[in-house]
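Structure record follows, encoded as structure tokens.
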Amino acid sequence: MYNPNKKTSLETHFALAVFNTAVNSGCLRNHLTFIKTYKEITGREVPAVTDGSIKRYEVSSASLNDKIIVDVWVPEGYDGTDTSVTYPVIYAHDGQNLFDPKLSYANVAWEIDATATRLISDGSIIAPIIVGISNRGAKGLRANDYFPEKAIQYIPESERDKTLIYDTCKDVFFGDQEAEFVTLELKPLIDNL
């Protein structure tokens, strides 16, 4: 459960989360090299939100071999100390677009924090934690990360180079690595914060 007030080292939580996941899934692979690569970002680079609170982190992914910006929004009143209360967690891609127009693509935010707050207030949803995973569009890798690699086998080989996705991705796809990052690296971390 996410607790922005916890004094325990994020690196300690992260190390335990990665190690436990690697052991439980039977794949230690390169996840142990990923242990001390998580830090909070503060200052102007943190999105402004209308309600609740947000923290921004830089997470180094062994799966993607890159640093990914992750925003964690919690609803108003959340303090993380009551372990009898659980919160659903929403993982959202294109995280840079979720909260603050000043930090989003084309200066248009989806305002997921305001929408969640409104839905919480009118009783339509249980208060969630929202994890925004920024894409790597600035490096030209957004489509590469999001295209499901196994789907490529359904495009005849003779037609692949004629498709827009092949042209965009230059025959380099990271969809499996993106899924691995979210499931084996990020989710265990969020579960243990």
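Of all the listed residues (A92, A62), the sole one being closer than 20 Å to G140 by Cα, modelled with pLDDT under 95 and either aliphatic (A, V, I, L, M) or within 17 Å of the chain's Cα centre (by Cα) (or both) is A62. Among residues of segment 157-177 that are within 14 Å of R142 (Cβ to Cβ), those with a Cβ under 7 angstrom from a residue that is of a type in the set (G, A, S), sequence gap 6+ or separate chain, pair up as I165/A143; T168/A143; C169/A143; Q177/S63. Out of everything in segment 141-186 that is open to solvent by 50 Å² or more (accessible area, probe 1.4 Å) and part of a loop (DSSP other than H, G, I, E, B), what residue ends up being farthest from I69 (Cα to Cα)? Only one residue fits best here, namely P156. Filtering segment 57-69 to residues that are within 14 Å of L189 (Cα to Cα) and charged (D, E, K, R) leaves only E58. Taken residue by residue, segment 35-51 has no member that is within 27 Å of K102 (Cβ to Cβ), touching a Pro at 6+ places or on another chain (Cβ under 7 Å) and surrounded by 12 or more Cβ atoms within 10 Å (Cβ to Cβ).
The values are calculated or read from the model by the stated rules, or taken from the named source; none is laboratory data. From a predicted model like this one, the values you see are computed outputs, not experimental measurements. Methodologically, a virtual Cβ is constructed for each residue, glycine included, from the backbone with ideal geometry; neighbour enumeration extends over all protein chains shown. Surface accessibility is based on the protein's heavy atoms, side chains included, excluding ligands, DNA and RNA. Shrake-Rupley method; radii C 1.70, N 1.55, O 1.52, S 1.80 Å.
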